[in-house]
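One structure is given here, and the rest of the page talks about it.
The values are calculated or read from the model by the stated rules, or taken from the named source; none is laboratory data. Predicted, not measured: the structure shown is a model, and the values here were computed from it. When we count neighbours, we look across all protein chains shown, and the Cβ atoms used for this are built from the backbone with ideal geometry, even at glycine.
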Amino acid sequence: MTDLLRDLGGAIAKLDSEEQVNALLSAALSEGLPASEIVEKGVRKGLQTVGEKYEAGEYFLSELLYAGSLIEELLHTLRPRMRDQELEQKGVIVLGTVRGDIHDIGKNIFKMLADSAGFEVHDLGVDVEPATFVDEVKKSGPDVLGLSALLTTTLMEMKNTVDAVAGADVRSRLKILLGGNAVKKEFAIQIGADAGALDAVEGLEICRGWTKK
C-alpha cells in the first residue's frame, strides 16, 4: 500500500475534514493510482476502522453519519473512474424500507457501507410495496434482500414482504436480512427471514458472511 492510500484510510478513520480527505484523494488520482485500488486499499480500510470504533463504542451515530458523508463524496468522484477498472464484486443486495415507513437514515448508512465494501446495491427507497420487492428480486437476482423498518407499527409489513417473496418461488436462492430500530433478532427468525441486524455494521458483516467465496 502506498503512503497516500494509508494516509487516506487514516484520514477517514480519524474523521478528518472533507477538505483534507479530498486533498488526499486528489493526490492519489494525480499519481495515477487506479480508482479500484484507492477504494480497496484506502477507502475500505478507513471505513473498516470506523466500523470497528463504532462497534467498540468509541464512535456513535453522529460519527457514523459523518463518515458516511465522507465516503459518499469520495465514491461520487471515483465511480465514473471505476467503469473500466476491475473491482472485486462481493454480491448483489436489494434494499428498501417497507410499506408504511418513510425512515431511511439506517438504510442509507447500510447502503453506503455495502456499496463501499464492493456490493452492488439496488435501493428501492422507502414505503416500498411487497410486490415491488418481489419484482426487483426477480429482475436483479440478488444474493440478499434487505428490509428496513424503524416503526414497530410496520413490523408486520416485513412479514408481508417475506411471505410475498416466499410465494414467488425465489426464496430458496435468497437470503433475507432485517434491520432497523424496531427489529429484534428473534422476530426476524419468527417471520421466516434469515437474520436480523442490530445496526448497519453488523448487517454488512452478515452479508459478507453469506457471500464469502
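Test Ser69 against the criterion of being over 15 Å from the mean Cα position of the chain (by Cα), on the phi < 0 side of the Ramachandran plot, modelled with pLDDT of 80 or more and of a type in the set (Gly, Ala, Ser), and give yes or no.
no
So, of the residues in region 98-112 that are within 16 Å of Leu145 (Cα to Cα) and modelled with pLDDT of 85 or more, which turns out to be surrounded by the fewest Cβ atoms within 10 Å (Cβ to Cβ)?
Per the stated criteria, the residue is Arg99.
Among the residues that make up region 193-213, is at least one of them of a type in the set (Lys, Arg), within 27 Å of Leu65 (Cβ to Cβ) and either modelled with pLDDT under 95 or outside any helix (DSSP H, G or I) (or both)?
yes
Give me the residue from region 1-41 that is part of a helix (DSSP H, G or I) and at pLDDT below 90 and, out of that set, surrounded by the most Cβ atoms within 10 Å (Cβ to Cβ). Talk me through it step by step, then tell me what you get.
Of the residues in region 1-41, the ones part of a helix (DSSP H, G or I) are 3-13, 18-30, 35-41.
Within this subset, residues satisfying the condition of being at pLDDT below 90 are 35-41.
Details: Ala35: 22, Ser36: 17, Glu37: 16, Ile38: 25, Val39: 27, Glu40: 18, Lys41: 20.
Here the answer is Val39.
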